[in-house]
Amino acid sequence: MAKEVQTQAGRCSTHGTVKATREVPQTGFPFVVYGPWRAVAQRRPFLCPECGAAVQPDGPAAAWAGGDF
Ligand SMILES: [Zn+2]
């Protein structure tokens with residue numbers, strides 16, 4: 001299963017500003033399966049590389065990260 005690692009500058013309550021990461025499945029055939037799955041993964045929080053805690057996204061992504069599509 002191909003995975004894509006997305007990175008995002010975020011704020012960990014323990015470690016401060018970190019380069020947070022999350023894995024999302026890469027889109028592939030059949031798209032009807034991967035599309036929604038990927039969409040769900042995209043909504044997961046980014047995780048601190050140090051402790052694995054969810055971090056608050058920083059920057060432009062923060063504007064929509066907390067809202068509904
Ligand atoms: Zn941390």
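All of the numbers you see were taken from the coordinates with simple rules; none came from a lab. Remember, it's a predicted structure, so these values are computed and weren't measured experimentally. Methodologically, a virtual Cβ is constructed for each residue, glycine included, from the backbone with ideal geometry; neighbour enumeration extends over all protein chains shown.
Phi angles across segment 20-29 convert, under the Karplus curve 6.51 cos²θ - 1.76 cosθ + 1.60 with θ = phi - 60°, into 3J(HN,Hα) values of 7, 10, 8, 9, 10, x, 6, 5, x, 6 Hz, Gly and Pro given as x.
Residues in segment 13-41, backbone N under 16 Å from the label point at Gln6 (7 Å along the Cα-to-beta-carbon vector): list them, ranges by number please. The answer is 19-28, 34-41, whose backbone nitrogens lie closer than 16 Å to the label point. Normalised by residue number, the volume inside the convex hull of the Cα atoms of segment 3-65 is 72 Å³ per residue.
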